[in-house]
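Take a look at the structure below.
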Amino acid sequence: INAEYGGHSLQMCGIVALLLADTTDNCRQELYDALTVLQHRGQDACGIVTAETAPGCLQFRLVKNVGMVKDVFQQKDMETLTGNVGIGHVRYPTAGTASAHEAQPMYNSYPCGMALAHNGNLTNAQQLAE
């Protein structure tokens, strides 16, 4: 999306999320296909995180890096992305640098796990840290 806000042109990343009802199915191909369609929204970096919603199973699987969707996700990477729930992200950089560290989605396994992707910048990060 190209939008105007306060006279400034805004560019936005591309984000997709899927939850498949069949807990034995994998959503990796659908996420990959969606990111290729959203590629025009960001060419800096991309990533996919998946997990399963089966009882007693919460293990995140993440692949992300700088580059285009077709270059970041190789066959061996796609095979690791098992699970019926997932988030995909293509990054349009408005801050930061071009590095795998800046790529999304991101996740934290403590205390029981959470993954997210966002479109924006924390302009008050220092104040929040205090």
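What follows is calculated from the coordinates using simple rules that are stated; it is not laboratory data. What you see is a predicted model, and the numbers here were worked out from it, not measured in a lab. Positions of Cβ are backbone-derived with ideal geometry, glycine not excepted, and every protein chain shown enters the neighbour counts.
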- Message: Among 27-34, 41-48, 98-105, how do they line up by average Cβ neighbours within 10 Å per residue, starting with the highest?
- Response: 41-48, 27-34, 98-105
- Using a Förster distance of 30 Å, how high is the FRET efficiency between Met68 and Ser109, based on the Cβ-Cβ distance and rounded to 0.05? 0.60
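How high is the relative contact order of segment 14-58, in percent, with contacts defined as C-alpha pairs under 8 Å that are six or more residues apart? Mind dumping the intermediate values first?
Numbers: 26 pairs, mean separation 18.4, N = 45.
Relative contact order for segment 14-58 comes out at 41 percent.
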- Query: Once the dipole of segment 13-112 is set up with Lys and Arg at +1 and Asp and Glu at -1 on Cβ about the Cα centre, which of Leu81, Ala95, Tyr32 lies farthest towards its positive end?
  - Reply: Ala95
- Rounded to the nearest 20 Debye, what is the dipole magnitude of segment 24-130 about its Cα centre when Lys and Arg each give +1 and Asp and Glu each give -1 at the C-beta? 100
- Summing Lys, Arg as +1 and Asp, Glu as -1, what charge do residues with Cβ under 14 Å from the Cβ of Asp44 carry, Asp44 excluded? +1
- Item | GNM flexibility winner over the chain from Val37, Val85, Val69 (Cα, springs under 10 Å) | Val37
